[in-house]
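**Student:** Quick one: structure below, then a few questions.
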Amino acid sequence: MTNETPRLLKISILRYNPQIPEVKPSVETYELEEGDGMTLFIALNEIRERFDPSLKFDFVCRAGICGSCSMLINGKPTLACRTLTANLDEEINLAPLPLFELIGDLSIHTGNWMRGLNERLEAWIHEEDQKEVDFDRLEEKMEPALAEEIYETDRCIECGCCVAGCGTALMRNDFVGAVGLNKIARFRLDPRDKRDDSDYYDIIGDEDGIFGCMSLMGCEDSCPKELPLQSKLAYLRRKMVVMKDEK
Ligand code: SF4
Ligand code: FES
């Protein structure tokens, strides 16, 4: 414990319950004494315990792994469980991520959106003959450097921050976002996936895919896992431009 007087935090939260549409959205402000090592997870729990048990927000892992606690913190999409209040001013504004289905207050349904995305991109390994998978067969060895490169893309936790921070996604409902394009980059790297660039082009070769990206960098700036999204997108765009010319 430090001997300094703790700061008094003023946490303002955009409150709205879509199940009760007659109650208009409002901003409620709660005052809390800041504790040592306080994260927004701790602060929100304290608010719920002390002031309003109806406050909705999502947390599962509290360790930046599950992606469920993403929200707008002072307007920036990021993970609440990894955000120390010590790194913020006394006045903190919280709102739900835009674009996703609102469950209530800070709780959103990223799962529905991500499931739809994964189905649309067919985000699984496509073997040559999907019906004849031999489950006893050993996988081919993979070079460690390639495995590392695939792992780098697999660090995505589907938190949705890159989508919420993306100018194109705000304008185009069907844009797959950096999260989707990162998935295509991942499968394109994987030698077990037998789809070729022509197949990937059919999935993302339009304005709702790779050609919708305006290179504003909002995705990479917002990604709490610091994935190198722009370099992946730029590489994919170069490959897909070649396919466009060939089609
Ligand atoms: Fe979240 Fe980053 Fe994955 Fe986007 S790419 S969903 S910001 S972890
Ligand atoms: Fe899992 Fe924040 S609670 S990432």
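The values are calculated or read from the model by the stated rules, or taken from the named source; none is laboratory data. This structure is a prediction, so every number in the text was calculated from the model and none was measured. Here the Cβ positions follow ideal geometry from the backbone for every residue, glycine too, while neighbour counts run over all protein chains shown. All accessible areas refer to the heavy atoms of the entire protein, side chains included, with ligands and DNA or RNA removed. Shrake-Rupley method; radii C 1.70, N 1.55, O 1.52, S 1.80 Å.
**Student:** With the requirement that a residue be within 16 Å of ligand 2 (Cβ to nearest atom) and either assigned to a helix (DSSP H, G or I) or without any contact (Cβ under 8 Å) to a residue 60 or more places away in the chain (or both), what does region 155-177 give you?
**Tutor:** Our first condition is that a residue be within 16 Å of ligand 2 (Cβ to nearest atom); within region 155-177, this holds for 155-164.
Those that are within 16 Å of ligand 2 (Cβ to nearest atom) and either assigned to a helix (DSSP H, G or I) or without any contact (Cβ under 8 Å) to a residue 60 or more places away in the chain (or both): CYS161, CYS162, VAL163, ALA164.
**Student:** Can you tell me which residue among LEU79, LEU72, LEU32, LEU40 is open to solvent by 20 Å² or more (accessible area, probe 1.4 Å) and touching a residue at least 24 places away in the same chain (Cβ under 8 Å)? Talk me through it step by step, then tell me what you get.
**Tutor:** On the way: LEU79 fails: open to solvent by 20 Å² or more (accessible area, probe 1.4 Å); LEU32 fails: open to solvent by 20 Å² or more (accessible area, probe 1.4 Å); LEU40 fails: open to solvent by 20 Å² or more (accessible area, probe 1.4 Å).
Selected residue: LEU72, the only one of LEU79, LEU72, LEU32, LEU40 that is open to solvent by 20 Å² or more (accessible area, probe 1.4 Å) and touching a residue at least 24 places away in the same chain (Cβ under 8 Å).
**Student:** Can you find a residue in region 107-121 that is farther than 30 Å from ASN17 by Cα, over 14 Å from the mean Cα position of the chain (by Cα) and open to solvent by less than 60 Å² (accessible area, probe 1.4 Å)?
**Tutor:** Here is the first cut: in region 107-121, the ones farther than 30 Å from ASN17 by Cα are 121.
In the following step, the residues that additionally are over 14 Å from the mean Cα position of the chain (by Cα) were identified as 121.
Narrowing further to those that are open to solvent by less than 60 Å² (accessible area, probe 1.4 Å): 121.
Yes: region 107-121 contains one or more residues that are farther than 30 Å from ASN17 by Cα, over 14 Å from the mean Cα position of the chain (by Cα) and open to solvent by less than 60 Å² (accessible area, probe 1.4 Å).
**Student:** I would also like to ask the following. Can you tell me which of VAL23, VAL60, VAL27 is in contact with a strand residue (DSSP E or B) (Cβ under 8 Å, 6 or more places away or on another chain) and β-branched (Val, Ile, Thr)? Quick ask: steps written out before the conclusion?
**Tutor:** On the way: VAL23 fails: in contact with a strand residue (DSSP E or B) (Cβ under 8 Å, 6 or more places away or on another chain); VAL60 fails: in contact with a strand residue (DSSP E or B) (Cβ under 8 Å, 6 or more places away or on another chain).
Matching residue, one of VAL23, VAL60, VAL27: VAL27.
**Student:** Checking PHE57 against (1) touching a residue at least 24 places away in the same chain (Cβ under 8 Å); (2) outside any loop (DSSP other than H, G, I, E, B); (3) within 16 Å of ALA95 (Cβ to Cβ); (4) of a type in the set (Phe, Trp, Tyr), which single condition isn't satisfied?
**Tutor:** Of (1) touching a residue at least 24 places away in the same chain (Cβ under 8 Å); (2) outside any loop (DSSP other than H, G, I, E, B); (3) within 16 Å of ALA95 (Cβ to Cβ); (4) of a type in the set (Phe, Trp, Tyr), only one is false for PHE57: (2).
**Student:** Spot the failing condition for GLY180; the list is (1) over 22 Å from GLU101 (Cα atoms); (2) open to solvent by less than 70 Å² (accessible area, probe 1.4 Å), and only one is missed.
**Tutor:** That leaves (1) as the condition not met.
**Student:** What about LEU97, is it in contact with a helix residue (DSSP H, G or I) (Cβ under 6 Å, 6 or more places away or on another chain), at pLDDT 95 or above, in a loop (DSSP other than H, G, I, E, B) and within 14 Å of ligand 1 (Cβ to nearest atom)?
**Tutor:** Against the criterion (in contact with a helix residue (DSSP H, G or I) (Cβ under 6 Å, 6 or more places away or on another chain), at pLDDT 95 or above, in a loop (DSSP other than H, G, I, E, B) and within 14 Å of ligand 1 (Cβ to nearest atom)), LEU97 qualifies.
**Student:** Can you tell me how many residues within region 193-237 are part of a loop (DSSP other than H, G, I, E, B), within 17 Å of GLU152 (Cβ to Cβ) and either in contact (Cβ under 8 Å) with a residue 60 or more places away in the chain or over 19 Å from the mean Cα position of the chain (by Cα) (or both)?
**Tutor:** Filtering region 193-237 down to residues part of a loop (DSSP other than H, G, I, E, B) leaves 193-196, 205-209, 213-217, 223-228.
Filter once more, so that each one left must be within 17 Å of GLU152 (Cβ to Cβ): 193, 223-228.
Still in the running and either in contact (Cβ under 8 Å) with a residue 60 or more places away in the chain or over 19 Å from the mean Cα position of the chain (by Cα) (or both): 193, 223-225, 227-228.
So the answer is 6.
**Student:** Could you pull out the residue among ASP89, ASP105, ASP52 that is within 14 Å of LEU40 (Cα to Cα) and more than 15 Å from ligand 2 (Cβ to nearest atom)? Give the steps one after another, and end with the answer.
**Tutor:** Values: ASP105 fails: within 14 Å of LEU40 (Cα to Cα); ASP52 fails: within 14 Å of LEU40 (Cα to Cα).
So the residue among ASP89, ASP105, ASP52 that is within 14 Å of LEU40 (Cα to Cα) and more than 15 Å from ligand 2 (Cβ to nearest atom) is ASP89.
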